[in-house]
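Any read-out appearing in this document is the output of simple, stated calculations on the displayed coordinates, not a laboratory observation. Because the structure is predicted, anything quoted here is derived from the model rather than measured. Cβ atoms come from the backbone with ideal geometry, glycine included; neighbour counts cover every protein chain shown.
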Amino acid sequence: MAFFNRLFNRKSKPEFISTLQHSSLRRSLTDPQPSTSTPARGQRSSSEEKDTIEVLSGSIPVRVRARRAGCDFGRSKTSVDLGSVRSSASSAAEPVSSSADGSKSQYRTLRALHRSRLHTIMAAQDRSSKRPVVLKTFTKSRMSSSLRAKLEAEVAHLRSLTCLTGVVQFIQQFEDDDSIYIVLERCPGHTLIELVANSGGRLSENVLVPYVLIPLTLILADLHRRGIVHRQIKPEHTLCQIEAGLVTLVDFSEAVNKNQRCLNNRAGSLEYMAPEVLNKPTAEEIFHQVLYNGMSEEELPQYDEKADVWSLGVLAFEALTGCQPFLADSPVEMGRLQRELLTELDGAGNPLLFSGRNQLSGEARSFLLHALQLDPINRSSAERLLQHPLLQRYWPRYQSTQHATRLAAAAGARGAGASTTIAITPTTIGTSAITLTTAGNGQVAAVAAAAAAVAAAAAAAAASRTAGGGTSSCAAPAAAQKTNLLVAAPLQFPVR
């Protein structure tokens, strides 16, 4: 038994009992921060990475159990800044090193972003290049063989996705006698949960859809086309830069390539877990079934990338309403709650999930129902969701933001002091080419604003033509162009 405890990183009985002393779970982002002395519900998850957050208060670390970082509504930023792990257009232009040669002394640590029993995440800086990075440190003595294998798989995924837009970029991995280190790129930004909290508890459609939902859906469509299933889609792992329309997905600890491994175990966060994942055994239970029953892993029921689409729907509901749609203590209770809220109707004939949610438009409800189908066969894929009317309606705004970001990045790359002529020729917006002259970096913002104005005017003109019976060249690709959409999806982001 001691061998299996070490193999699966099981907790001893006293330690297991202590983990049940959770803090109260907030059902809404507008609720006050719960007291740490009150037991909480709904915090169990199959992810082995979530333990505790150690907030550095002065010189005394305060250990608090929480589902997510506490949000201080009295400040412009949250009390625990987890939004520093991001990718950016500027940093992506730098060469990425995947060599195993390195040492901790190469990086100067600045501050702790997150601490848990298994690892520490630090904001750091490369001493030679001054490049801001994130340094993840894993203590070898606390890692079981299964966790080490999971870490190796995460690094493999990050290496394979190097330079893919919308995915946090891997820089380096090295180790010493005591620890394993992973270096990722970093730039200032906010997690979606911080963005929602700092916006009063929820986001409006005209902010969420063009600046978060469309880019995130494009990222998922690209990952799924490559066979990668993330399995940890949630606001804490979605990093946003609204002003540039950039979204970056982080934490690939549970990611799996379905072409290389079976998707047959329960993984991810319970609140964002799809119904077909809830009824699957844990990795430990699968090991025992294979070991003692002589079964093959391929014989067990499997799921696919549509589990990520369910998580996307839960994320969108939470951002639009400020409340998590599904909260339960166990997978069995969660499955029962999902069926109840999606199949039972209120007096108006709407699913109970939308009862009293007057802030949700008809298109938003339709989008959520497409993403939150209980049967994955009936659930839309990420590629299909890109054709939904909700995303199509905000596609011109998304495109104009992307063009303005590209233009600003190109103008910044020209260097200061040189007068430059920039021709704006959007290929997806029906406008004539215009010429702007800038005189150095001080005019970059003006150029970006001008580009945004031109794109907005073109979008309005295209919408007018569409209303009059014409065809808008700025709309999202039609269903007939579905194949071309995925090929062009990475190009919707600023060139990195």
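Exposure proxy for Thr405, Thr343, Thr217: other Cβ atoms within 10 Å of each Cβ, ordered fewest to most, give Thr343, Thr405, Thr217.
A quarter of the convex hull surface defined by the alpha-carbon atoms of the stretch 198-393 gives 11.7 nm² as the mean projection.
Roughly how far apart, in whole Å, are the Cα centres of the stretch 170-249 and the stretch 320-367? Cα centroid of the stretch 170-249 versus Cα centroid of the stretch 320-367: 25 Å apart.
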